[in-house]
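Everything below concerns the one structure shown next.
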Amino acid sequence: MVPIKLKGRTIARGCAEGEVLLSKDPISFLGSVDPKTGIVVEEKHALAGKSIRGKVLVFPHGKGSTVGSYVMYQLKKNGAAPAAIINLETEPIVAVGAIISEIPLVDMLEKSPYEVLKDGDLVRVDGSGGYVEVLGRSAGNTEN
Amino acid sequence: MYLTKEEEQTLNGEAGETLRQAIEILVALGDIYGADRLIPIKSAQIAGVSYKTIGDAGLEWISDLEGRVKVPAILNPAGMDLEDWKRLRISPEFAEKQKAIVRAYEKLGIRCECTCTPYTLEGFSVGYGDHLAWSESSAVSYANSVIGARTNREGGPSALSAALLGKTANYGFHLDENRVPAVSIKVECPLEGSDYGALGYAAGKVVGSRVPLFYLRDTPGKDELKALGAAMAASGAVALYHVDGVTPEAKKVTFEVPEETIVIERSQIDEVYESRGGAGKEPELITIGCPHCSAAELRRVAELLEGKAVSKETWIFTSREIAKRYPEYVGTIEKSGAKVVCDTCMVVSPATNSYSCVMVNSGKAFAYVPGMCGAEAVYGSMETCIEEATCTEKAAGKKEKKAGGSH
């Protein structure tokens, strides 16, 4: 397989790898995610009941209270934060939260992450370089 | 976004980790909003102070930072009166956390006066055209609209980053083109006092985040403008408004008349006052001072309370500096049994959560009290609020407090 590299925009620097977890829904870190465990507790959310811990979390953009930035920091301190974030287009709450929590974040990829990535794919997010690299496909993804 | 050589070095960590993170935040926001560069600011006002809103997460982040602010910086209201927190029955656990937050900010060189009206303080003067990084929505509205300074509504971390760097990203309300009014609001009826807060409450809902240009019959004073802007920033997301012939930018700049015109009728303002019928409850707590009382407002409260005794819990919020400057007003108010409370307000203090119905003379508090304090809100003028506070007949009525009225 030829490694797929997708260029995007740097929001938060740093570099991390992890398995992809896709969310079609926006995320409000205040109220939607348990800061101790990283489990999504918002009922009816696309990720309800799932853990974002250690994942490369893909979601369209943030929503809700600005306190969400601090909750991301708390997740990080509790070891429950995502390894990296990919957004369609980041807004300030998530951008600030990712920077203070040192979670690499890239947005505005040249191709939609929802078309290119599947849950369980192993990817590297290089926030400093502003790109995402697909390192391995999940079982069940026939493109591997 | 263009960065100077020194800014590039800071971004690469050559000035330490705190400043690296600070400039990374400003650059990320600048990129999101299309800023061309960073610009110097005159002062910062930092949100994210009340333990009720930022919790342990915020406390941890602020405590981990190092360094000193480069411009005068001040804090938003906290969750309690920092000196006399016991009086409003704040729990010792909350008080400890709240003090830890303020100490963490103080360590960074920030003035630990917690107020939403920093423009009234000594040494914190703001002038026309000054660039700022302020957070609190009513202070932002006042600085932009009543003073003609320029600030976006900064989140806590971005305002703190701006203070540490002495700069902010050049976008939004820092630029002329974003300060042009997008909608006209015509009000034909006469207005006075708390009518402006009620007008702001009604206008914010229809204006959203646009810049309105008001055409009013009367000429509002500074406290009336403060109330108007605070309410619009709460019921809507208005960070800048103009009043034809009154606010400084509307006097200096010839704006084109916006295409869209909204007329606000007296009946819409009356609706805010009539909320009382809808609440179906008697106010248990009377609060004045959102935003924090100016000297003139504190004097008016003192005049209204002189020689009277309150029969209901009554809190008057102001900044510590104003309270210290006018001990005679504070003395008169406290003699009536009402409490003058500093550093906090009815919206961000957990003390309010013990009451089920709160009377306010503020369009902003009227918008926030139900959601943030779990209490119904009733709107009235300052005079009506004081009448309610001192009325003896109603005091005999049945009072119900949820959660036993204490923490």
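The values are calculated or read from the model by the stated rules, or taken from the named source; none is laboratory data. Since the structure is predicted, the reported quantities are computational estimates derived from the model, not experimental observations. Don't worry about glycine lacking a Cβ; one is built from the backbone with ideal geometry, like all the others, and counts go over all protein chains shown.
Yes or no: region A:123-143 includes at least one residue that is modelled with pLDDT of 95 or more, of a type in the set (D, E) and touching a Ser or Thr at 6+ places or on another chain (Cβ under 8 Å).
Among the residues of region A:123-143, not one is modelled with pLDDT of 95 or more, of a type in the set (D, E) and touching a Ser or Thr at 6+ places or on another chain (Cβ under 8 Å), which makes the answer no.
For region A:1-111, please list each of the helices (runs of 4 or more DSSP H) lying entirely inside it that holds at least 3 residues being facing chain B (nearest Cβ under 9 Å), out of contact with any Ser or Thr (no Cβ under 6 Å at 6 or more places or on another chain) and of a type in the set (D, E, K, R). I'd like the intermediate steps shown before the answer.
On the way: elements: A:29-32, A:68-77, A:92-101.
Correct list: empty, since no element meets the threshold.
Limited to region A:72-96, what total is found for residues that are at pLDDT 90 or above, closer than 17 Å to B:Q21 by Cβ and among the β-branched types (V, I, T)?
4
State all residues of region B:87-110 that are among the basic types (K, R) and modelled with pLDDT under 95; if no residue qualifies, say none. Explain how you work it out, then say what you get.
Residues of region B:87-110 among the basic types (K, R): B:87, B:89, B:97, B:99, B:103, B:107.
Hits for region B:87-110 are B:R87, B:R89.
Could you grab me the full set of residues in region A:21-67 that are touching a His at 6+ places or on another chain (Cβ under 8 Å), under 29 Å from B:V49 (Cα atoms) and of a type in the set (S, T, Y)?
Within region A:21-67, A:S32 is the sole residue that qualifies.
Which helices (runs of 4 or more DSSP H) does region B:278-377 wholly contain that include 2 or more residues that are outside the structural domain of B:S50 (by TED's automatic domain parsing) and among the β-branched types (V, I, T)? Lay out the reasoning, then the answer.
Details: elements: B:295-305, B:320-325, B:327-335, B:363-373.
Because the criterion is at least 2 residues that are outside the structural domain of B:S50 (by TED's automatic domain parsing) and among the β-branched types (V, I, T), the helices (runs of 4 or more DSSP H) in region B:278-377 that meet it are B:327-335.
So which of A:I4, A:I27, A:I86, A:I103 ends up being touching a residue at least 40 places away in the same chain (Cβ under 8 Å) and over 20 Å from A:L135 (Cα atoms)?
Working: A:I4 fails: over 20 Å from A:L135 (Cα atoms); A:I86 fails: over 20 Å from A:L135 (Cα atoms); A:I103 fails: over 20 Å from A:L135 (Cα atoms).
Testing whether each residue is touching a residue at least 40 places away in the same chain (Cβ under 8 Å) and over 20 Å from A:L135 (Cα atoms) leaves just A:I27.
Identify, by number, the condition in (1) within 14 Å of chain A (Cβ to nearest Cβ); (2) surrounded by fewer than 19 Cβ atoms within 10 Å (Cβ to Cβ) that B:E177 doesn't meet.
(1)
Just give me the residues in region B:165-194 being of a type in the set (D, E) and assigned to a helix (DSSP H, G or I), in sequence order.
Of region B:165-194, the ones of a type in the set (D, E) are B:176-177, B:188, B:192.
Once the filter is applied, which keeps residues that are of a type in the set (D, E) and assigned to a helix (DSSP H, G or I), region B:165-194 yields B:D176, B:E177.
Listed here are the residues, each with its yes/no results for (1) more than 10 Å from chain A (Cβ to nearest Cβ); (2) buried (at least 18 other Cβ atoms within 10 Å of the Cβ).
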residue	(1), (2)
B:I41	yes, yes
B:Q45	yes, yes
B:G55	no, yes
B:G58	no, yes
B:S63	yes, no
B:K70	yes, no
B:L75	yes, yes
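If a residue has to be in contact with a strand residue (DSSP E or B) (Cβ under 7 Å, 6 or more places away or on another chain) and away from chain A (no Cβ under 14 Å) to count, how many in region B:147-162 make the cut?
2
Kindly indicate the residue of region B:16-33 that is of a type in the set (A, V, I, L, M) and either farther than 12 Å from B:L164 by Cβ or more than 27 Å from the chain's Cα centre (by Cα) (or both) and also surrounded by the most Cβ atoms within 10 Å (Cβ to Cβ) among those meeting that condition. Quick ask: steps written out before the conclusion?
If we filter region B:16-33 for residues that are of a type in the set (A, V, I, L, M), which is where we start, we get B:19, B:22-23, B:25-29, B:32.
Adding the requirement that they be either farther than 12 Å from B:L164 by Cβ or more than 27 Å from the chain's Cα centre (by Cα) (or both) leaves B:19, B:27-29, B:32.
Values: B:L19: 21, B:V27: 23, B:A28: 26, B:L29: 29, B:I32: 18.
Of everything passing the filter in region B:16-33, B:L29 is surrounded by the most Cβ atoms within 10 Å (Cβ to Cβ).
Among (1) within 14 Å of another protein chain (Cβ to nearest Cβ); (2) under 15 Å from the mean Cα position of the chain (by Cα); (3) in contact (Cβ under 8 Å) with a residue 60 or more places away in the chain, where does A:D121 come up short?
Against the list (1) within 14 Å of another protein chain (Cβ to nearest Cβ); (2) under 15 Å from the mean Cα position of the chain (by Cα); (3) in contact (Cβ under 8 Å) with a residue 60 or more places away in the chain, A:D121 comes up short only on (1).
Since B:K335 meets every condition but one in (1) farther than 18 Å from B:T384 by Cβ; (2) in contact (Cβ under 8 Å) with a residue 60 or more places away in the chain; (3) out of contact with any His (no Cβ under 8 Å at 6 or more places or on another chain), which condition does it not meet?
The single condition B:K335 does not satisfy is (2).
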